[in-house]
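Working notes for the structure below.
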């Protein structure tokens, strides 16, 4: 190999090494069988505060790192994407809510951390009811301490860079009278975001 050929070969190797490594596609998904944990009130193990789907409010948009995504469809994001999830919700009922939390889990690791995406959790939101027609944003807890705990909990089982999927496990709401309701499904504006609502019993 001539000196010129060696130079070109080394230059090509350096160029390849300098190329950015393609990140893995990320996903936010619904439960595989939404409603499986919902049982009619009054049956053994049933829960009177469980709903097949929330229809009193709806998901308008979901953003990861400020960019809109579609549930179940791949998107690109950094390794720290779990720390920057926003879910925009609109109240389409006549009820008032004090807090709404969607809990995400990581199906790629067992016994991983729960990741709350919440409205009404921040100090400045407490006591501010979410009334008819109102739109609010549920956000991941933007706390360095909390996210450090999430990263530590994940890294004990797998590198954070390998986590590609967050699954919506359930949504919990606190009503203005203090009562609470939960469901594995939430109504969505965009039909592409809809979960597979379980059939009526």
message: Here's a check for you: in region 84-105, which residue that is part of a loop (DSSP other than H, G, I, E, B) and touching a strand residue (DSSP E or B) at 6+ places or on another chain (Cβ under 6 Å) is nearest to residue 139 (Cα to Cα)?
response: 92
query: Can you name the number of the only condition in (1) within 20 Å of residue 149 (Cα to Cα); (2) over 17 Å from the mean Cα position of the chain (by Cα) that residue 92 fails?
result: (1)
message: I'm trying to understand the selection: among the residues of region 180-191, which are touching a residue at least 24 places away in the same chain (Cβ under 8 Å) and surrounded by fewer than 16 Cβ atoms within 10 Å (Cβ to Cβ)?
response: 180, 189, 190
- request: Working carefully through the options 144, 114, 177, find the one that is within 20 Å of residue 77 (Cβ to Cβ), surrounded by fewer than 16 Cβ atoms within 10 Å (Cβ to Cβ) and without any contact (Cβ under 8 Å) to a residue 24 or more places away in the chain.
  value: 144
field: Any chance residue 170 is touching a residue at least 40 places away in the same chain (Cβ under 8 Å), over 21 Å from residue 78 (Cβ atoms) and surrounded by 18 or more Cβ atoms within 10 Å (Cβ to Cβ)
entry: yes
message: Residues that are at pLDDT below 90 and surrounded by 11 or more Cβ atoms within 10 Å (Cβ to Cβ), at least 3 per element: which strands (runs of 3 or more DSSP E) completely within region 12-83 meet that?
response: none
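The values are calculated or read from the model by the stated rules, or taken from the named source; none is laboratory data. What you are looking at is a predicted structure, and each value in this text was computed from that prediction instead of being measured. When we count neighbours, we look across all protein chains shown, and the Cβ atoms used for this are built from the backbone with ideal geometry, even at glycine.
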